[in-house]
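Let me begin by presenting the structure, written as structure tokens, before commenting on it.
The values are calculated or read from the model by the stated rules, or taken from the named source; none is laboratory data. Given the structure is predicted, the values throughout are model-derived calculations rather than measurements. Here the Cβ positions follow ideal geometry from the backbone for every residue, glycine too, while neighbour counts run over all protein chains shown. Remember, those area values only see protein heavy atoms, side chains included, never the ligands or the DNA or RNA. Shrake-Rupley method; radii C 1.70, N 1.55, O 1.52, S 1.80 Å.
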Amino acid sequence: MSTAILKVVDVDQRFAGLHALKHVSFELIEGEILGIIGPNGAGKSTLFNAIVGTVPPASGSIWFDGRNIVGLPTHRIAELGIAKTSQTVQVFDEMTALDNVAVAALLSQTTVAAARAAARGELEFWGLDGHAGTLAQDLPLAQRSLLELARAMMLHPRVLLVDEVMAGLNEIEVDDILDRLMRVNRERGVTLMVIEHNMRALMKISSRILALDYGAVLALGKPEDVSRHKQVIEAYLGVE
Ligand SMILES: Nc1ncnc2c1ncn2[C@@H]1O[C@H](COP(=O)(O)OP(=O)(O)OP(=O)(O)O)[C@@H](O)[C@H]1O
Ligand SMILES: [Mg+2]
């Protein structure tokens with residue numbers, strides 16, 4: 001049985017003269033990993049910003065748990081259970097990895113000690129326990145990406161939106177993040193939407209793939225079908 005956990009209905013976004021999202025509609029199925037592809041500027045990050053409320057859509061509705069979340073403040077949407085990582089890693093550079101995660105944990109824990117304890121467990125999940133005392137600014141890129149995922153997970157999301165966390169990483173680092181994202185999905189029951197230009201990576205973890213082009217949905221379906229879709233190949237994979 002497939003239940004929609006999130007429903008995006010006719011979402012439209014314009015920036016000055018630019019039509020960044022064109023009547024986008026789709027359902028996110030509870031428990032799935034939905035991969036999102038599309039050329040630069042296709043509207044992928046704009047879609048995520050619309051969902052988490054950082055840049056609400058101009059029109060349309062987004063349904064989560066039976067309510068339209070468009071117009072709710074970002075912290076309410078986060079409390080309801082939707083978390084997002086950003087395309088450019090956002091951590092506090094002058095704080096340790098542990099404190100970066102503990103700060104996020106303070107949203108759900110009442111004492112600093114409890115927040116630190118929760119943060120240690122989360123760092124361990126992401127393989128960062130050896131870096132707990134390292135300042136974020138001294139972490140290599142792969143570990144900074146993992147740290148951002150750890151921070152997002154401290155919100156205990158039911159839906160996690162992941163925006164290009166694998167950019168700039170080598171194949172071994174990509175595989176490591178993929179394994180951990182799959183564990184977040186399977187062991188911790190989090191539904192994922194993952195924006196990624198790395199098709200090999202997306203094909204490996206996605207139950208379905210949504211292809212965006214010029215702000216519109218070009219295709220939505222099984223990875224093997226979407227990767228063979230004529231317009232997707234023309235728009236994205238750059239083959240005649
Ligand atoms: N806040 C904003 N104000 C004005 N224009 C914006 C804003 N956010 C996005 N855009 C524009 O909307 C279009 C879609 O941008 P978006 O960042 O969603 O693309 P993307 O698919 O995530 O691309 P990339 O793969 O490069 O990250 C782009 O032309 C971008 O310049
Ligand atoms: Mg983007």
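Summary of values
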{"quantity": "Which numbered condition Gly133 fails, given (1) touching a strand residue (DSSP E or B) at 6+ places or on another chain (Cβ under 8 Å); (2) on the phi > 0 side of the Ramachandran plot", "calculated": "(2)"}
{"quantity": "For Ser61: the one exception among (1) outside any helix (DSSP H, G or I); (2) touching a Ser or Thr at 6+ places or on another chain (Cβ under 9 Å); (3) not acidic (Asp, Glu)", "calculated": "(2)"}
{"quantity": "Restricting the range 20-46 to residues that are within 7 Å of ligand 1 (Cβ to nearest atom) and among the hydrophobic types (A, V, I, L, M, F, W, C), the residue that is nearest to Thr88 (Cα to Cα)", "calculated": "Ala42"}
{"quantity": "Contacts under 6 angstrom Cβ, first residue in the range 34-61 being free of Cβ contacts under 8 Å to residues at least 40 places away in the same chain, partner within 13 Å of ligand 2 (Cβ to nearest atom), 6 or more apart", "calculated": "Asn49/Val55"}
{"quantity": "Ala201, sole failed condition from (1) assigned to a helix (DSSP H, G or I); (2) away from ligand 1 (no atom under 16 Å from the Cβ); (3) open to solvent by less than 50 Å² (accessible area, probe 1.4 Å)", "calculated": "(2)"}
{"quantity": "Lone unmet requirement of (1) assigned to a loop (DSSP other than H, G, I, E, B); (2) crowded, with 18+ Cβ neighbours inside 10 Å; (3) away from ligand 2 (no atom under 16 Å from the Cβ) for Ile77", "calculated": "(1)"}
{"quantity": "Qualifying residues in the range 143-176 (those that are over 26 Å from Ile5 (Cα atoms) and assigned to a loop (DSSP other than H, G, I, E, B)) - the one nearest to ligand 1 (Cβ to nearest atom)", "calculated": "Ala167"}
{"quantity": "Conditions (1) surrounded by fewer than 21 Cβ atoms within 10 Å (Cβ to Cβ); (2) at pLDDT 95 or above; (3) more than 18 Å from Val194 (Cα to Cα): number failed by Met1", "calculated": "(2)"}
{"quantity": "Scan of the range 110-134 for residues that are open to solvent by 60 Å² or more (accessible area, probe 1.4 Å) and either in contact (Cβ under 8 Å) with a residue 60 or more places away in the chain or not in a helix (DSSP H, G or I) (or both), ordered by number", "calculated": "Thr110, Thr111, Gly133"}
{"quantity": "Residues (among the polar types (S, T, N, Q) and farther than 21 Å from Arg183 by Cβ) located in the range 131-150", "calculated": "Thr134, Gln137"}
{"quantity": "All positions within the range 154-191 that are surrounded by fewer than 15 Cβ atoms within 10 Å (Cβ to Cβ) and of a type in the set (A, V, I, L, M)", "calculated": "Ile172, Met182"}
{"quantity": "Test: residue in the range 86-104 that is open to solvent by less than 50 Å² (accessible area, probe 1.4 Å), within 16 Å of ligand 2 (Cβ to nearest atom) and either of a type in the set (Ser, Thr, Tyr) or assigned to a loop (DSSP other than H, G, I, E, B) (or both)", "calculated": "yes"}
